[in-house]
Amino acid sequence: MTQVRNVLPTLADPSLDDLGDAPGDDLSDLELLDELDDSDEESVTPARSGGKRVGAKKNPYTEDSIRLYLQEIGRIRLLRADEEIELARQIASLLEFERQREDWIHQHGYLPSEADWAAVVGLPLGDFQRQLRQGYRAKEKMVQSNLRLVVSIAKKYMNRGLSFQDLIQEGSLGLIRAAEKFDHEKGYKFSTYATWWIRQAITRAIADQSRTIRLPVHLYETISRIKKTTKILSQEMGRKPTEEEIATRMEITIEKLRFIAKSAQLPISLETPIGKEEDSRLGDFIEADGETPEDQVAKHLLREDLENVLNTLSARERDVLRLRYGLDDGRMKTLEEIGQTFNVTRERIRQIEAKALRKLRHPNRNSILKEYIR
């Protein structure tokens, strides 16, 4: 199972378009292989002479490595509903263990030993080790048993800038994320839930490859929503909707809509010829200074997300960080100045600042801002 293991490198580590309908759960083990056979027949055409058959340029879809991979995952049995539920429970326990380990790391600044980890979880060391191994195995089984779903979805996104192998790789990462987020108590099947995560991972990867200038990945999803909303309103109204109508339907401000719409514009090369003689270049007529639309959008969205994160802190912690880093007026104040404002010592302000920064480094908070520092 070498090919399968290559797609799941994270399992051994203990450390957007319209979705449409989810694929059916009765996917045949040989369905994709049959399609490969049909594709092979179409790619071979007769030569002009000599009776030899000359193969046309092969699509990555029909490469031998893909065929081998499909054969391997085709041998993996699909899960029953009760098996999905049991695996989901074991994965949930694993994630809770890992969450408690992260809390330990943020509190102590180093990785806990297995004994310390077991103590934090509240289990005897032997029981903890058994449940930990059980959780990793459950996660791997949940993912491997649904790899055919990744292939089924990935083939719908071929010829969009990524090879079929890359689409499968990105979709597999989405599948791993789905296994971590799945809540069996909500009543839907895992394949239905995983479809959304797989497609999101694939469309994000395609979006990253399609632009010279990389925008935050969540911005691509908003751009996709704007396009979708515009299309729906056009069908409903029989005309092109106004900015106000689109913003109202999406429940966002017109200013935010315009910011995001500007960022969706594809870049034009500064070497583009200008004029009838084409003896000038676009760059000759453009000033070098000035904030780009992408910078404006990123700054606007960063401000919104930063406010949301700061609002999770206490009022005193929030005010100290605003003054310390000049978030309101651009002027960073010293500990002494802030202490005078609150009538406390500079050491007390330093303690409040340190505590607030520790909170912001927690994964539940810093994940919101990660896209802006990549």
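The values are calculated or read from the model by the stated rules, or taken from the named source; none is laboratory data. Since this is a predicted model, take the numbers as computed values, not measurements. When we count neighbours, we look across all protein chains shown, and the Cβ atoms used for this are built from the backbone with ideal geometry, even at glycine.
If the requirement is being of a type in the set (K, R), surrounded by fewer than 16 Cβ atoms within 10 Å (Cβ to Cβ) and closer than 19 Å to A179 by Cβ, which of these qualifies: R101, R77?
Being of a type in the set (K, R), surrounded by fewer than 16 Cβ atoms within 10 Å (Cβ to Cβ) and closer than 19 Å to A179 by Cβ holds for just one of R101, R77, which is R77.
With the checklist (1) in a helix (DSSP H, G or I); (2) at pLDDT 80 or above in hand, flag the one item S367 doesn't pass.
(2)
If we scan segment 120-131, do we find a residue that is within 25 Å of S367 (Cα to Cα), touching a helix residue (DSSP H, G or I) at 6+ places or on another chain (Cβ under 7 Å), at pLDDT 90 or above and assigned to a helix (DSSP H, G or I)? Working first, answer last.
The first filter runs over segment 120-131 and keeps only residues within 25 Å of S367 (Cα to Cα), leaving 120-121.
Then drop every residue that is not touching a helix residue (DSSP H, G or I) at 6+ places or on another chain (Cβ under 7 Å), which leaves 120-121.
Applying the additional criterion that residues be at pLDDT 90 or above yields 120-121.
Keeping just the survivors that are assigned to a helix (DSSP H, G or I) gives 120-121.
Taking every residue of segment 120-131 in turn, at least one turns out to be within 25 Å of S367 (Cα to Cα), touching a helix residue (DSSP H, G or I) at 6+ places or on another chain (Cβ under 7 Å), at pLDDT 90 or above and assigned to a helix (DSSP H, G or I).
Residues are listed down the side, and each one gets a yes or a no for (1) at pLDDT below 90; (2) more than 23 Å from the chain's Cα centre (by Cα); (3) of a type in the set (F, W, Y):
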| residue | (1), (2), (3) |
| --- | --- |
| E277 | yes, yes, no |
| E291 | yes, yes, no |
| D295 | yes, no, no |
| G330 | yes, yes, no |
| Q340 | no, yes, no |
| V344 | no, yes, no |
| E347 | no, yes, no |
| I352 | no, yes, no |
| A356 | yes, yes, no |
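Only one of these is in the same structural domain as I76 (by the TED database) and either farther than 30 Å from D116 by Cα or loosely packed, with under 14 Cβ neighbours inside 10 Å (or both): S234, S152. Name it. Step through it out loud before you land on a result.
Numbers: S234 fails: in the same structural domain as I76 (by the TED database).
Sole residue among the options that is in the same structural domain as I76 (by the TED database) and either farther than 30 Å from D116 by Cα or loosely packed, with under 14 Cβ neighbours inside 10 Å (or both): S152.
Take the residues in segment 187-211 that are in a helix (DSSP H, G or I) and of a type in the set (F, W, Y); name whichever of them is nearest to the chain's Cα centre (by Cα). Break it down stepwise before answering.
Within segment 187-211, the subset in a helix (DSSP H, G or I) is 190-210.
Now narrow it down to the ones that are of a type in the set (F, W, Y): 190, 193, 196-197.
On the way: F190: 19, Y193: 15, W196: 11, W197: 8 Å.
Ranking the qualifying residues of segment 187-211, first place goes to W197.
Do you know which residues across segment 317-347 are surrounded by 15 or more Cβ atoms within 10 Å (Cβ to Cβ) and of a type in the set (K, R)?
R318, R322, R324, K333, listed by residue number.
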